[in-house]
Structures are given as structure tokens and as C-alpha cells.
Amino acid sequence: MENVFAPKHSHSQFSWNNLGDIKTGRGELGEEMPVLVYRLMQYTMLDVMSKDMGEEKANSYFRKAGLLAGTEFARNALDLEQDFDSFVTSLQKALKDLKVGILRMEKFDADNGDITLTVGEDLDCSGLPVTEENVCVYDEGFIAGILEAYTGKPYHVREVDCWASGDRVCRFKGSVSE
């Protein structure tokens, strides 16, 4: 007998459509939630993964998850056919509207793809205690995914300044990976 309640695909196989109809599903509570709840999920998950497999491996998985999220976000929420300046403007608006952070472009070299950007009021770390470390590994992947979706080239992105390292913005440097 066929199980009619069985899902057609696994919840562990990401699809943009699996994010659901949040407006309908959260009619009374709405689409927004406190940053505290997001960070509670993120940092407890990172803690469990770090204890189980080591910090380096856990960070690698967070970066990969960010890459997938950034790629899918770009493909589903941004116009990838725009010129670079228009794309950055629409990305800035999207990230601010979604309260992810305030994106500022510092440098972009159109010849080789090198990029430096900052994110102020970053969802992942703004307001954290200073621990002298960069903690936004998920953001590294997220930004790389967005850049890869837009350019069609793989990106390597690393955070060089972070709220948790004592700075007041997160600064990321990216380059095309070969």
C-alpha cells in the first residue's frame, strides 16, 4: 500500500519552492522574526557541528550552505541580466529590505573580478562580543554564491574584518577561483 503521507522529495534536498508560502503560513505572525532567533539557530547548529566534526569542517559546511543559499537567492530574487552597477544597486536594496545588512561596494576590478565590499549591521554578527575572530563564514559562501550566479565564474570570498574582531562592519574580499 502506498503511503499517501510520504513527501514527494526529501526536506534535505533544497529547492527554492520548499521555502513555502510564508505569508499564508504565518498569517498572524508575519514574515519577520527577531535576529535573536536566527542567531540562536545558527550558533547552536555551528556549536553542535564543531563539537562533532571540528571547527574547520563545520565552517566548511556553513560556507557551502551559504554558497547554495547565495546562488539560489541570486537566481530567484535578483535580475542577473543587469549591468554590474544596476545589479549591485538591486542587491543592496534586497539585502536592506530583507534586513540582512547594509552592503557597500568598496572596490571592483572588472578586468580580473577582484572585489571588496562591506556589510554593515550584518545579520550574523553585529553586536556580538569582540572575540578577535572573523565569524561570518556563512556570509562568505553567500556572497560567493551571489557573485558566481551573476558572473558565471566560481568565487573565493573571505571575511577580512568582522564585528567580532573589533570592527564595526564586515569586510569581504573576493576573487575568481580557477
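Quick notes on this one:
- Taking segment 48-82 as the range and being part of a helix (DSSP H, G or I), of a type in the set (A, V, I, L, M) and either at pLDDT below 95 or under 19 Å from the mean Cα position of the chain (by Cα) (or both) as the test, the residues that pass are 49, 58, 65, 67, 68, 69, 74, 77.
- Every test in (1) modelled with pLDDT of 95 or more; (2) among the charged types (D, E, K, R); (3) on the phi < 0 side of the Ramachandran plot; (4) open to solvent by 70 Å² or more (accessible area, probe 1.4 Å) is passed by residue 133 save one, and that test is (1).
- Test: residue in segment 141-152 that is more than 18 Å from residue 92 (Cα to Cα), surrounded by fewer than 24 Cβ atoms within 10 Å (Cβ to Cβ) and free of Cβ contacts under 8 Å to residues at least 60 places away in the same chain: yes
- All positions within segment 29-72 that are among the aliphatic types (A, V, I, L, M) and in contact with a helix residue (DSSP H, G or I) (Cβ under 9 Å, 6 or more places away or on another chain): 45, 46, 48, 49, 53, 58, 65, 67, 68, 69
- Of all the numbered requirements in (1) closer than 23 Å to residue 68 by Cβ; (2) surrounded by 16 or more Cβ atoms within 10 Å (Cβ to Cβ); (3) not hydrophobic (A, V, I, L, M, F, W, C), residue 121 misses one, and that requirement is (1).
The values are calculated or read from the model by the stated rules, or taken from the named source; none is laboratory data. Keep in mind that what you see is a predicted model, and the values were worked out from it rather than measured. Using ideal geometry, Cβ is built from the backbone for each residue, glycine included, and neighbour counts are taken over all protein chains shown. Remember, those area values only see protein heavy atoms, side chains included, never the ligands or the DNA or RNA. Shrake-Rupley method; radii C 1.70, N 1.55, O 1.52, S 1.80 Å.
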